[in-house]
Every structure is written in structure tokens, then in C-alpha cells.
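Accompanying notes for the structure given below.
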Amino acid sequence: MGPSSHIPSNLSDGITAALSSLLDRGWQPADVVHLVRRHLTQRASRLALAAVAQHSRTTDAPHRAPLAWVAQLEALGVYQRSDDRIVGGHPDIVPRWAKAEKLHPDDAHDEAAEVYRVLAVAPSLEPIGTPPQQWGATNIGLAADTPLPDVDDKVLRTIRALLAKAEGTEFEAEADAFTAKAQELMTRHSIDLAMLAAAAHSPGGTPGVVAKRIHLESPYADEKSAFLATIAEVNGVKCVWSQWCGFNTLIGFPIDLQLTEVLFTSLLVQATQASNVATARDRRLSTPSFKRAFIVSYADRIAERLHEAHTHTNAQATAHYGSALAPVLASKQEAVDAAFHAAFPDVTYARQRSYNAAGWWAGRAAADRADLGTGAALPRPSKGG
């Protein structure tokens, strides 16, 4: 971080300007709030949120930004669609934030300066949507960011409800049944959309490939990222971990991004529950090294099982669609690969570190019992073997 002399005299203006620069350099509102929370505090992230509100007000974002951007503002609580109102937003963001947080002026200045420093050193990102400097006068009639049919909302709601039931039950057989149905619905929906898109696809383009950022919280964000990457790979999605920023960028078709995110969310819950059970049985295992190893090993074994399920599902789909399916799936993957290499031409691949042996084997055993939606978890080993 730079010296204090680099801190602007008016921190409200400085933070607002730094935020505006980031949003024009590939960042999105939720990314910025997550970044400040990751490196500083929840309280500091509320100052970043106030800056987002001010930027949204001055740029008239609800009426000019891409629809996905507006949806982020709604999710952050900055914009209320029901009465078309921006919540918060004022040029004097620091004094108003300090008053709301009941901070002493000196403490408020120091914390606001840290927020400014984080925003000032943040790198440019590959845009995943239209930045503010390129917005038109209005977003009325603006098409959604995904040019091909997205996941059917009703199907997605049903899948999430099934996975929620799978996570909530104590009975493995019941969880298997719920997740199996969810997997069946999503897989068939993905294939049907791919065939529909192929029928409507004009030669020479790669419509449908989109990008999305998944924010990961500490602790064990690196290990969670590796977990997400294993699920993404099986589903034909490219995944890049930006450690300092604290998020993964996923590149793929909308249906596959949805499937990856839904599966990751559910399996991470299952992994966390399994880890908690293991450490509850033996408190000596309740260490960061054990938990890191548990997550990575769980993901490693899940990847093997997902590949098995993927092969089985493709065989069933081929029986239904015949020889027309293979070139469609190959074309999809080529489109994703091309978009990935265009966005991240200089990506580097991390080498796997060493992990706690007890956590590794406990995670692998728990992954064998995880429900992937294939109809059944693997049987528990007998005491003799």
C-alpha cells in the first residue's frame, strides 16, 4: 500500500473516484464490496456499498446499466425495483457512514483511508459485461446478457428445493433420492437446451458463452476454489481463481454455469457437514491443516465420481439423440475454450501443495458417501476392509 501522503484530502471524493475507475476497468458492484470485506472488515464493506450507491445515483444505473448489473444492485440492497429507488448514495459518503457506524472522526478517517488504498491498488479485470462508460442512454428494451435460452426458472427452483431437502435430511437414502432427481432434471435440461441452441445456431459465431464470478469467503478460500474447479471441469466450464480478489471467474454456457454453481453450493454444504462430524468425533482433528486437507480430498474424490456420472449420463443422452449429440457437445466445448483463451491468454496453473494425511483420507471417505445426484452414495466400507 502507498504512503499516507497518497491519501486524498477528501476521502469521500477519493473513494468514489477510485470505485468509478474500477467499475470502468472490469469490476462489478458485488466484486468491489466483496473485495473490501475480504481485505478489511464488514463495516468497511458498508462504506464501499455507500460508494456503490452514490455511483449508481450519479450514473442513473438502474435505468442505464445491463440487466445483470441492475440485479446485482438489487441483491446488494442498493436499488429497490418496487418503488424505483436507490437506497443511500450521497457525495459525503464518509461522514454519513461514520455517523451511522458511530465512529470517532479519527477512526473513521483511518478506516476510510484503508478502503481507499484497497480500491486504489486493485488491478484491472477482464470485463464480463458492459462497463459504465459504455452504457447507453437507457436500458429499456436491452436484451439480457445471455443470448441463448437460460435455465428455466421453474426448473431451477425445483432443483434448488430438492437439493435443500437433500442437505436437510439425516437419512442418506432420502438425500440420494432428492439429489438424484435434481441431477436428472438439470442434466436433461442442459442437453435439451444444447440441442435447441444447435438447431437455431447460425454458423460462424459462438453465442451463449458467458462469464460469471463466484465470490468465496474465508476460511479455506483456496481449497474451496479447488473444489469449485473440479465441479466446473466436469460440466464443461472453465474456472480461474483470482486469489487476491477472492473470486473465481467461470466461463461457459448459462445452463452449465448454473449447474456448476448449484452443485458446488450443495456439495460444499455436504463437505462442511461431513468435516464437522469428523472433528466432533475426535477434537484433535479440529485443526486448519485437517480441514484444508479434508476439503481438497473431498473435492478430488468428488471429481472422480462426477466424471463417472458424466460418462453415464452422456451414454443415456446418446441413446436418445443418436449421432447428432456428439458434434453439438464438441462445438459447445470449443466455444467455451475459445472464450476462455481470449479472456485469459496468460493464465498460470498452480501446483498442488501437501496436505494433512488424516484430513485427506477422511475427506475422501466422506466424498464416497456424498450424494451427487446419480441415485446412490457409495456403500460405507466394512470394519474389516
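For (1) farther than 25 Å from His215 by Cα; (2) crowded, with 23+ Cβ neighbours inside 10 Å; (3) β-branched (Val, Ile, Thr), each residue gets a yes or a no:
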site: Ile15; (1), (2), (3): no, yes, yes
site: Arg37; (1), (2), (3): no, no, no
site: Arg43; (1), (2), (3): no, no, no
site: His63; (1), (2), (3): yes, no, no
site: Trp69; (1), (2), (3): no, yes, no
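Pairs please, first residue from the range 33-44 and closer than 13 Å to Leu76 by Cα, second anywhere and part of a helix (DSSP H, G or I) and at pLDDT 95 or above, Cβ atoms under 6 Å, 6+ apart in sequence or on different chains. So the pair list comes out as Val33/Ser45; Val33/Ala48; Val33/Leu49.
Which ones in the range 10-40 are part of a loop (DSSP other than H, G, I, E, B) and either touching a Ser or Thr at 6+ places or on another chain (Cβ under 6 Å) or closer than 18 Å to Arg96 by Cβ (or both)?
Asn10, Arg25, Gly26
Across the range 111-121, a minimum of one residue is classified as under 27 Å from the mean Cα position of the chain (by Cα), surrounded by 12 or more Cβ atoms within 10 Å (Cβ to Cβ) and either part of a loop (DSSP other than H, G, I, E, B) or among the hydroxyl-bearing types (Ser, Thr, Tyr) (or both).
Flag: Leu103 matches the condition of being at pLDDT 95 or above and in a loop (DSSP other than H, G, I, E, B).
Quick grid of which residues meet (1) over 19 Å from Ala68 (Cβ atoms); (2) at pLDDT 70 or above; (3) crowded, with 18+ Cβ neighbours inside 10 Å; (4) aliphatic (A, V, I, L, M):
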site: Ile140; (1), (2), (3), (4): no, yes, no, yes
site: Ala143; (1), (2), (3), (4): no, no, no, yes
site: Asp152; (1), (2), (3), (4): no, yes, no, no
site: Ala161; (1), (2), (3), (4): yes, yes, no, yes
site: Thr169; (1), (2), (3), (4): yes, yes, no, no
site: Ala173; (1), (2), (3), (4): yes, no, no, yes
site: Ala182; (1), (2), (3), (4): yes, yes, yes, yes
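The residues of the range 277-288 that are over 20 Å from Leu228 (Cβ atoms), out of contact with any helix residue (DSSP H, G or I) (no Cβ under 7 Å at 6 or more places or on another chain) and part of a helix (DSSP H, G or I), listed by number, are Val277, Ala280, Arg281, Arg283, Arg284. Looking only at residues in the range 242-262 that are in a helix (DSSP H, G or I) and touching a residue at least 60 places away in the same chain (Cβ under 8 Å), the one that is surrounded by the most Cβ atoms within 10 Å (Cβ to Cβ) is Ile255.
The values are calculated or read from the model by the stated rules, or taken from the named source; none is laboratory data. Note that this is a predicted model, so its numbers are computed, not measured. Note: ideal-geometry Cβ built from the backbone for every residue, glycine included; neighbour counts use all protein chains shown.
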